[in-house]
Amino acid sequence: MSFTEKDLKQIKDRNSDLLTIQNQIENFKTGFPFINAVKAATIGDGIIRLPEEELNNYIRLFDAQAPKKSLVKFVPASGAASRMFKALYAAKEEGKTDKSVEQFDKEIGKFAFYSSLSHHLQEHSLQHKLEALLGKNGLDYGNLPKGLLEFHLYPDGARTALEEHLVEGALYANNKGKVRLHFTVSPEHKRKFKALINQVKSRYEEKFGVKYNITFSEQKPSTDTIAVDLENNPFRDGSGKLLFRPAGHGALLENLDDIKADVIFIKNIDNVVPDHLKEETIRYKKALAGLLLDYQKKIFYFIKRLEKPDPSVFMINKAARFLKNELNVDPPKGFRLWPAEEKLKFVLAKLKRPLRVCGMVKNVGEPGGGPFWVANEDGSVSLQVVESAQFDMANKKQKAIFENATHFNPVDLICSFRDHRKEYYPLPGFRDDKTGFITEKSQSGKTLKAQELPGLWNGAMADWNTLFVEVPLITFNPVKTVNDLLRKEHQPE
């Protein structure tokens, strides 16, 4: 692929990597391979179910360890709220109403944002309400990110999704009164996020007796992927410049890689509930973090033993059993017959990886990825979070495995990428670059092909050590459409 001097300057100015761009163009030509799923992960076979006593033990373990650990809550918050209002936009711009629009109109007084909205209502026709909610002369919710929308109503007023994360942070990501939160935001919304933080921070610090350390980052332009036309040639805009597009949430791996902490809690901005329903979320967040610290201690024990001069065959085999039985990494066929030094090399490589504990909820028909056992290129089998688009649905066996999933991924992760020497694993080195997505988009009336990087909790973490734990459904209450806020889980007690 030949680029002009002008192209090369544009690539350099973006801090993009020429070889990476050439690889992206190659991906457009070849497509991404489907994963090779072995089976769905289920309770007792890849998914841990914590009995009450064990749950409480892990909570106590975390509470004891938290004061000695650096904690941070990492919240992807750059998503625009516009998709929440798809049906309302159709009603506003085309006069198309459906049952969801009728429900919105009928129950408008139940939304937490109704008090703010009412200041913009001079009349009560549906069109006026929609203009007041979505338009620039009203609340402008159609142009805001979800984090800045008022989600829940309390006796002292409404609380935004961002504020609910401040509350959660104080309740589990709390190290001796210090609470660190990191939000990934869009450049155009950063100022409004900061303004809201400045407005409410002291109130929550006083309420919970904490001090917040809140930071923001933006998706790095260098992670954008190049767009191509239908012949896989670089797509150019009206001025002849190469077109780059944001590469989906997988690009946030670079932002996560910049975070330095012992324990990182990851949760989407829209998955929050009012205070009266938070207890189970808090308990399970702490329990999963306790489980992560427990397993990390075991991993470090084996690494230190295996790094000693001439580790015994007994210790190598013991570590291999731990890898298989507790870390869910099945070695390649014939592993039992490998020479000791080859076994040692394999086991150490698998132990020396970032660690994540992923909450999984029972499958109730929600779209999204799920927990599966997947065959890897090196012949091993391990646990992965896999999206439906990664499955070859034309393959009956693979389709059946996908349809047999009992659980799905609510994006409820506790991570650590510190190693046994208290240094940090470089996260891009543990990504599977063959798990991206290609979609068709349009620009100025022309069709183009766009590419997404491997998803943050799919391919971007494909080479991590992974534990799946069943969590209660109440811990998963995302807001995908505005009417989700009318569900009892988002209403006052």
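The values are calculated or read from the model by the stated rules, or taken from the named source; none is laboratory data. Please read these numbers as outputs of a predicted model, since none were measured by experiment. Cβ placement follows ideal geometry from the backbone for every residue including glycine, while neighbour counts extend to all protein chains displayed.
If you check VAL263, VAL272, which single one turns out to be touching a Lys or Arg at 6+ places or on another chain (Cβ under 7 Å) and either farther than 30 Å from LEU8 by Cα or crowded, with 19+ Cβ neighbours inside 10 Å (or both)? Working first, answer last.
Values: VAL272 fails: touching a Lys or Arg at 6+ places or on another chain (Cβ under 7 Å).
The match here is VAL263.
Under the condition of being over 15 Å from the mean Cα position of the chain (by Cα) and modelled with pLDDT of 95 or more, which residue from the range 450-467 is nearest to TYR284 (Cα to Cα)?
Going through the range 450-467, the residues over 15 Å from the mean Cα position of the chain (by Cα) turn out to be 450-451, 463, 465, 467.
If we keep only those that are modelled with pLDDT of 95 or more as well, we get 463, 465, 467.
On the way: ASP463: 25, ASN465: 20, LEU467: 14 Å.
Step by step, filter the range 450-467, then rank; the result is LEU467.
Counting only strands (runs of 3 or more DSSP E) that sit completely within the range 1-107, those holding 2 or more residues that are not assigned by TED's automatic domain parsing to the domain that holds ASP433 correspond to 71-76. Looking across the range 459-493, the residues that are surrounded by fewer than 23 Cβ atoms within 10 Å (Cβ to Cβ) and hydroxyl-bearing (Ser, Thr, Tyr) come down to THR475, THR481.
Quick one: in the range 152-211, which of the residues that are of a type in the set (S, T, N, Q) and outside any helix (DSSP H, G or I) is nearest to ARG487 (Cα to Cα)?
Initial filter on the range 152-211 (of a type in the set (S, T, N, Q)): 160, 174-175, 184, 186, 198-199, 202.
Pick out the ones that are also outside any helix (DSSP H, G or I) and you get 160, 174-175, 184, 186.
Numbers: THR160: 16, ASN174: 30, ASN175: 33, THR184: 27, SER186: 28 Å.
Here the residue is THR160.
The number of residues in the range 132-144 that are outside any helix (DSSP H, G or I) and in contact with a Lys or Arg (Cβ under 8 Å, 6 or more places away or on another chain) comes to 1. Is at least one residue of the range 293-302 farther than 21 Å from ARG421 by Cα, acidic (Asp, Glu) and either surrounded by fewer than 18 Cβ atoms within 10 Å (Cβ to Cβ) or in contact (Cβ under 8 Å) with a residue 12 or more places away in the chain (or both)? No, the range 293-302 contains no residue that is farther than 21 Å from ARG421 by Cα, acidic (Asp, Glu) and either surrounded by fewer than 18 Cβ atoms within 10 Å (Cβ to Cβ) or in contact (Cβ under 8 Å) with a residue 12 or more places away in the chain (or both).
Every condition in (1) at negative phi; (2) in contact (Cβ under 8 Å) with a residue 60 or more places away in the chain is met by ARG487 except one, and the failing one is (2). For the range 222-272, name all the residues that are β-branched (Val, Ile, Thr) and closer than 24 Å to LYS286 by Cα. Selection gives ILE259, VAL263, ILE264, ILE266, ILE269, VAL272.
Among the residues of the range 214-238, how many are touching a residue at least 24 places away in the same chain (Cβ under 8 Å) and in a strand (DSSP E or B)? Can you show your working first?
Pass one, the range 214-238, residues touching a residue at least 24 places away in the same chain (Cβ under 8 Å): 214-230, 232, 234-235, 237-238.
In the following step, the residues that additionally are in a strand (DSSP E or B) were identified as 214-218, 225-226, 228, 234.
So the answer is 9.
Filtering GLU366, GLU377, GLU403 for residues that are of a type outside the set (Val, Ile, Thr), modelled with pLDDT under 95 and closer than 30 Å to ILE316 by Cα leaves a single hit, GLU377.
Those residues that are in contact (Cβ under 8 Å) with a residue 40 or more places away in the chain and acidic (Asp, Glu), I need them from the range 1-44; list them, please. Scanning the range 1-44 gives ASP7, ASP17.
Being assigned by TED's automatic domain parsing to the domain that holds VAL38, crowded, with 24+ Cβ neighbours inside 10 Å and under 15 Å from HIS249 (Cβ atoms) is a property that does not hold for LEU427.
Checking LYS201, LYS241 one by one, the residue that is under 18 Å from LEU149 (Cα atoms) and either surrounded by fewer than 16 Cβ atoms within 10 Å (Cβ to Cβ) or among the hydrophobic types (A, V, I, L, M, F, W, C) (or both) is LYS201 and no other.
Count of the range 239-256 residues, restricted to those that are closer than 21 Å to ASN27 by Cβ and either of a type in the set (S, T, N, Q) or without any contact (Cβ under 8 Å) to a residue 40 or more places away in the chain (or both), is 1.
Screening LYS129 against (1) part of a helix (DSSP H, G or I); (2) among the charged types (D, E, K, R); (3) surrounded by fewer than 21 Cβ atoms within 10 Å (Cβ to Cβ) leaves a single unmet condition, (3).
Condition check for ALA349 on (1) of a type in the set (A, V, I, L, M); (2) in contact with a helix residue (DSSP H, G or I) (Cβ under 8 Å, 6 or more places away or on another chain); (3) part of a helix (DSSP H, G or I); (4) loosely packed, with under 14 Cβ neighbours inside 10 Å: one failure, at (2). Just one of (1) assigned to a helix (DSSP H, G or I); (2) surrounded by 15 or more Cβ atoms within 10 Å (Cβ to Cβ); (3) not small (Gly, Ala, Ser) fails for LEU121. It is (1).
Only a single criterion out of (1) modelled with pLDDT under 95; (2) hydrophobic (A, V, I, L, M, F, W, C); (3) part of a strand (DSSP E or B) is not satisfied by VAL357, namely (1).
Please find, within the range 446-478, the residue that is nearest to SER388 (Cα to Cα) out of those that are of a type in the set (Asp, Glu) and in a strand (DSSP E or B). Can you show your working first?
Initially, the range 446-478 is screened for residues of a type in the set (Asp, Glu), giving 452, 463, 470.
Applying the additional criterion that residues be in a strand (DSSP E or B) yields 452, 470.
On the way: GLU452: 15, GLU470: 20 Å.
Looking at the filtered set, the residue picked out is GLU452.
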